[in-house]
Amino acid sequence: MKYLLILLVCLLPVFSHAGEATDMAADPVLEKRMIGLAENLRCLVCQNESLASSHSELAEDLRREVREQMQKGLSDQEIIDYLVSRYGDFVLYDPPLKKSTLILWFGPFALLLAGAGMLVYQLRKRKSRIPEAELSAEDAQRAASLLDETAEPSNQPKDNRA
Amino acid sequence: MIPEIGHFALIVALFLVICLGTLPIIGAARNNAVLMGTTRSLAYGQFVFSTIAFACLTYAFIVNDFSVLYVAQHSNSQLPVVYRVAAVWGGHEGSLLLWVFLLSAWILAVAVYSRHLPEEMVARVLGVMGLIAVGFLLFMLLTSDPFERLLPAAADGRDLNPLLQDPGLVIHPPMLYMGYVGFSVAFAFAIAALLGGRLDATWARWSRPWTTVAWVFMTGGIAIGSWWAYYELGWGGWWFWDPVENASFMPWLIGTALIHSLAVTEKRGAFKSWTVLLAIAAFSLSLMGTFLVRSGVLTSVHSFAADPKRGIFILSFLVIVIGVSLLLFAWRAPKIGLGGKFDLLSRESLLLSNNVLLSVAAASVFIGTLYPLFMDALGQGKLSVGPPYFEAVFVPLMVPMVLMMGLGPLARWKKFTVPELVKRVRWAFASALLIALLLPLTMGKWTAMIALGLLLAFWIVASVLLSLRERLAGHGNLMQRVRGQSLSYYGMQFAHLGVALFIIGVTLVNGYETERDVRMDVGDTVQAGGYEFRFNGVTETQGANYIAAQGRVSVSKNGKPVTELFPEKRQYNVSGMPMTEAAIDTGWLGDLYVSLGEPIPNSNGAWAVRVYIKPFVDWIWAGCLLMALGGVLAISDRRYRIHRETKARNRGMENKSGTGNLLAAEGKQS
Amino acid sequence: MMRFILPFVVFMIMAAFMYVGLGLNPREVPSPLVGKAAPAFTLPQLHEPSKQFSPQDMKGKVWLFNVWASWCTACEGEHPLFMELSRKNIVPIYGMDYKDKRENGEAWLRKHGNPYTLVVSDIEGRVGIDYGVYGVPETYLIDKQGIIRHKQIGAVTPEILDETILPLIKELQAK
């Protein structure tokens, strides 16, 4: 009886042993690379989802295709070219830089330059166009006395209030 | 019967807003007091009838009236009551009714809180808002009637999309629409000013609180939408640059530029035509968003069912409203005048350069969102523009924006000198730089992007602290000085701090998030982010209108239990649609996020489980909340409070000598 | 002075694009394979799995390649057109049963009729991906040199058949 008890106690760890979960992907590093690429590809049948997050069957098939091509040793660019030659630029969420996408990629920067330029030009022009308001001697004295009345000892620059 | 009452109420509301959109404006143009006097009664009337219509549709949903087509399409008798109410705006027609209802509420608000404004201004503002309401009501009555009958009635409804059966649907659309519609007030003020031919600092002071309130709602609405997507969609993403998301972000960006531009106009009477243009642009983008979501020109997970006929109507409405406004702008803006003088280097110009940046950012989002449409229309084939583009373009724009966010509040009005400013901020900048370089090392990974994000965020924090120190320093009573600063000053600092928090959240979650996608047998554990997750199997539970496979996951750290999480895989009874409900442990330092994948076949209860560690992700939405709070503080500022004596005096004054003296009167009062 | 009219002009251009956009379908993805060689493959036949088929075999002939599946409702809609077309004997029609169980495909053809000279089984959908298939049904028109000349996305309708496909077939057969 005593030995049976000891045996049972020794076997306890076997029963309570919990395994360390294994990754779903056969090769987690490759999988991460695949998902990284798939995030920049578009699911063709979905209403605007990436290939990485879509649950549709075609998306699963395409992910499988990307995975297998990576296993065969193709580079990211080669896989992209493969998909683009079959599905067109539509499948890329990162639009390629082509003649037709110049406005897309450089537009914002061009607008920024134009906006900044216009702003500087306008600011310079207005400086010369607006006359400085001149206080008459009487008004200046009134202003001075008002300011003295309300002045508090402080080291704040007066012009900084919001 | 009730649906017919609702339908009739819409027709009555239409007639009222047709009157509201015409009589007061004609009255203002001809200085006809009788016509202008109809303004408020018409405003109250249209609110009553819009409310009746909205109430009727809500009633139809609550009592499960499946003889109404819209109710049958979007509801079900098994649907919990709270979602039956939210389902009112779950589809195209109902969401339009929400738009109309909220617009009628804003019209009412403007009618009530405008006693201190001159009559012609009120008449014009409410008139313009009335015209907008005309468009929406006509659109509903002609193409998208939520009260259309389904005869014979359906035995039961098609159920609300399970993704929408969530508190998010209760809050997000109404809040977002409050923002969209709220910008119509700023728009109306701008048009009224152009019509009246007078635009000055006083106009900006009237306009500003309304714009800020709309902006606050918009901020909250977008933030909640993002948070909802995060916990609902199951893969931890929170912004996808989807066309509909962009459609809300663009008006927000322009709205932000607008409130800053109004600040310059209010303070210095400067750059008025730019402010007016921004006000027109903000609302135009709201309207354009409506078009994009409902017309079918862009593909989006959010879009309502497309119908080209509806698209034509909205587009025509858009062209009329925006086209006429911009023509009016082109005609009247040259006469507006330049206002106060300031230097090339001044707080005004910093604010204005920030506006240029915000506008360019909005324009970039616009270009990216519509480029596929442009290309297709020109026969250049199909193109997709997604997150890689937007991130590549938007993030670089943020850097100078944030730099100026720190400098702006510190710079002097009218003129500052570079050496003086640099001298004040150099330690603030240095400390931010130091933190940015060292903090990632403590978190375990250093990349340039993380350091940049932290630099931007801590630069804002440092400049806020610097500003506070400069204002509150000195001898004597600190509390008195604290109370002496205006609420709008604190509002600004809070809002900017909100941006800092937001940037920290985005930077840290993108930099340090981890994910494990594992097969878990009962009893298996997985390590992630210093935590241990143990899978305790799945049991079947039943919800109000679904059955769920509910997983139990125990989380511990260093052997000590932290929490229990219950991710679910639901199947909704009516639609049969499956849905993953992630389980999230929310914390200040980050989220633990677990979602169930698929059960592993032939495995005795093993499941594919996804575990995410998302450090500091909630700072993203906390930051947005702080931004909104900043806006609330700003509106609570003393100078926007309408004192009864001021109102009476102003009305007296304007009868005698026009509103030129209004400023003087208010000045003496406060 | 000029600059104040600029916003209006920009907006109107935008509006013109949006108007054109209403007539377009943003979800249709045209194929870049048109004008290129039909990708090579070897697949087992549906009815006789031991036998195989490859587009190579069709060199010198103009032929239609129709991708369908038993689980596809739109395919049922276009099927009668193919039945009629096969009766008229204008052009050989080859089918590819996409992502379908063999038995289901065979049963479906028994139920709806078989217009195909031959059907291949693409159980895993790999050949579909090679052909840029993203939904069913899709139909390819391939010429004598094995170049894809037209891709029909979605069901073939009588108008499309009469206005686009048949004239093109005639043209290609004459070459």
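Answer yes if at least one residue in region C:62-75 is crowded, with 16+ Cβ neighbours inside 10 Å and polar (S, T, N, Q), and no otherwise. Yes; the residues of region C:62-75 include at least one that is crowded, with 16+ Cβ neighbours inside 10 Å and polar (S, T, N, Q).
Of everything listed in (1) over 30 Å from B:Val85 (Cβ atoms); (2) touching a Pro at 6+ places or on another chain (Cβ under 6 Å), the single unmet condition for B:Ala60 is (1). The set of residues from region B:477-524 being of a type in the set (Gly, Ala, Ser) and facing chain A (nearest Cβ under 8 Å) comprises B:Ser486, B:Ser488, B:Gly523.
In region B:525-543, the qualifying residues are those that are aliphatic (A, V, I, L, M) and over 37 Å from the mean Cα position of the chain (by Cα), and the one that is farthest from the other protein chains (Cβ to nearest Cβ) is B:Val538. Does any residue in region B:217-238 that is farther than 15 Å from B:Leu164 by Cβ and at pLDDT below 95 come within less than 8 Å, Cβ to Cβ, of a residue that is assigned to a loop (DSSP other than H, G, I, E, B) and of a type in the set (S, T, N, Q) six or more places away or on a different chain, and which pairs are these? If the second residue must be assigned to a loop (DSSP other than H, G, I, E, B) and of a type in the set (S, T, N, Q), the pairs left are B:Trp235/A:Ser53; B:Gly237/A:Ser53. Considering A:Ser85, A:Ser75, A:Ser100, the condition of being among the small types (Gly, Ala, Ser) and at the interface with chain B (Cβ under 9 Å from one of its Cβ atoms) is satisfied by A:Ser100 alone. Among the residues of region B:593-638, the ones that are within 13 Å of another protein chain (Cβ to nearest Cβ), among the hydrophobic types (A, V, I, L, M, F, W, C) and under 19 Å from the mean Cα position of the chain (by Cα) come to 2 in all. Any residue that is buried (at least 16 other Cβ atoms within 10 Å of the Cβ), at pLDDT 95 or above, under 21 Å from B:Leu397 (Cβ atoms) and not acidic (Asp, Glu) - is there at least one of those in region B:464-476? Among the residues of region B:464-476, not one is buried (at least 16 other Cβ atoms within 10 Å of the Cβ), at pLDDT 95 or above, under 21 Å from B:Leu397 (Cβ atoms) and not acidic (Asp, Glu), which makes the answer no. Only residues that are assigned to a loop (DSSP other than H, G, I, E, B) and either hydrophobic (A, V, I, L, M, F, W, C) or facing another protein chain (nearest Cβ under 9 Å) (or both) were counted in region B:235-269, giving 7.
Condition test on A:Ala59, is it in a loop (DSSP other than H, G, I, E, B) and either charged (D, E, K, R) or surrounded by 14 or more Cβ atoms within 10 Å (Cβ to Cβ) (or both)?
On the way: in a loop (DSSP other than H, G, I, E, B): no; either charged (D, E, K, R) or surrounded by 14 or more Cβ atoms within 10 Å (Cβ to Cβ) (or both): yes.
No; evaluated as a whole, the condition is false for this residue.
Annotation for region B:163-174: no member residue is in contact with a Ser or Thr (Cβ under 8 Å, 6 or more places away or on another chain), in contact (Cβ under 8 Å) with a residue 24 or more places away in the chain and hydrophobic (A, V, I, L, M, F, W, C).
The strands (runs of 3 or more DSSP E) found wholly in region B:581-620 and carrying at least 3 residues that are crowded, with 23+ Cβ neighbours inside 10 Å and in contact (Cβ under 8 Å) with a residue 12 or more places away in the chain occupy B:590-599, B:607-615.
Kindly evaluate B:Phe394 against the criterion of being more than 8 Å from every other protein chain (Cβ to nearest Cβ), part of a loop (DSSP other than H, G, I, E, B) and at pLDDT below 95.
Values: more than 8 Å from every other protein chain (Cβ to nearest Cβ): yes; part of a loop (DSSP other than H, G, I, E, B): no; at pLDDT below 95: yes.
So B:Phe394 fails the test.
Of the residues making up region B:493-524, just one is surrounded by 18 or more Cβ atoms within 10 Å (Cβ to Cβ), assigned to a strand (DSSP E or B) and either under 23 Å from the mean Cα position of the chain (by Cα) or among the β-branched types (Val, Ile, Thr) (or both), namely B:Val518.
Among the residues of region B:37-86, those identified as over 29 Å from the mean Cα position of the chain (by Cα), part of a loop (DSSP other than H, G, I, E, B) and within 16 Å of B:Ala153 (Cβ to Cβ) are B:Val63, B:Asn64, B:Asp65, B:Phe66, B:Ser67, B:Asn76, B:Ser77.
Residues in region C:103-117 that are outside any loop (DSSP other than H, G, I, E, B) and surrounded by fewer than 16 Cβ atoms within 10 Å (Cβ to Cβ): C:Glu103, C:Asn104, C:Ala107, C:Arg110, C:Lys111. Counting only residues that are within 9 Å of another protein chain (Cβ to nearest Cβ) and within 25 Å of the chain's Cα centre (by Cα), which one in region A:10-31 is modelled with the lowest pLDDT? Taking the candidates together, the pick is A:Pro28. Going through (1) crowded, with 19+ Cβ neighbours inside 10 Å; (2) within 13 Å of chain B (Cβ to nearest Cβ); (3) in a helix (DSSP H, G or I) one by one, A:Pro95 falls short only on (3). Count of region B:319-378 residues, restricted to those that are at the interface with another protein chain (Cβ under 8 Å from one of its Cβ atoms), in a helix (DSSP H, G or I) and of a type in the set (D, E, K, R), is 1. Checking each residue in region B:446-485 for being farther than 19 Å from B:Gly406 by Cα and of a type outside the set (A, V, I, L, M, F, W, C) picks out B:Thr447, B:Gly474, B:His475, B:Gly476, B:Asn477, B:Gln480, B:Arg481, B:Arg483, B:Gly484.
Residue-wise test of (1) part of a helix (DSSP H, G or I); (2) among the acidic types (Asp, Glu).
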position: C:Arg87; (1), (2): yes, no
position: C:Asp97; (1), (2): no, yes
position: C:Gly132; (1), (2): no, no
position: C:Glu159; (1), (2): yes, yes
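Considering (1) in a loop (DSSP other than H, G, I, E, B); (2) at the interface with chain B (Cβ under 10 Å from one of its Cβ atoms); (3) of a type outside the set (Gly, Ala, Ser), the lone condition that C:His47 does not fulfil carries the number (2). Counting only residues that are assigned to a loop (DSSP other than H, G, I, E, B) and among the charged types (D, E, K, R), region A:22-47 holds 2 of them. In this structure, A:Ser54 does satisfy being surrounded by 19 or more Cβ atoms within 10 Å (Cβ to Cβ), within 24 Å of B:Val293 (Cβ to Cβ) and either out of contact with any strand residue (DSSP E or B) (no Cβ under 7 Å at 6 or more places or on another chain) or within 14 Å of chain C (Cβ to nearest Cβ) (or both).
If you go through region A:63-83 and keep only what is surrounded by 15 or more Cβ atoms within 10 Å (Cβ to Cβ), touching a residue at least 12 places away in the same chain (Cβ under 8 Å) and not charged (D, E, K, R), you end up with A:Val66, A:Gln69, A:Met70, A:Ile79, A:Ile80, A:Tyr82, A:Leu83.
Would you mind finding the one in B:Val170, B:Val185, B:Val122, B:Val181 that is surrounded by fewer than 22 Cβ atoms within 10 Å (Cβ to Cβ) and assigned to a helix (DSSP H, G or I)?
Working: B:Val185 fails: surrounded by fewer than 22 Cβ atoms within 10 Å (Cβ to Cβ); B:Val122 fails: surrounded by fewer than 22 Cβ atoms within 10 Å (Cβ to Cβ); B:Val181 fails: surrounded by fewer than 22 Cβ atoms within 10 Å (Cβ to Cβ).
Of B:Val170, B:Val185, B:Val122, B:Val181, the one residue that is surrounded by fewer than 22 Cβ atoms within 10 Å (Cβ to Cβ) and assigned to a helix (DSSP H, G or I) is B:Val170.
The values are calculated or read from the model by the stated rules, or taken from the named source; none is laboratory data. Remember, predicted model here, so these are calculated numbers, not experimental data. Note that we place each Cβ from the backbone using ideal geometry, even for glycine, and neighbour counts take in every protein chain shown.
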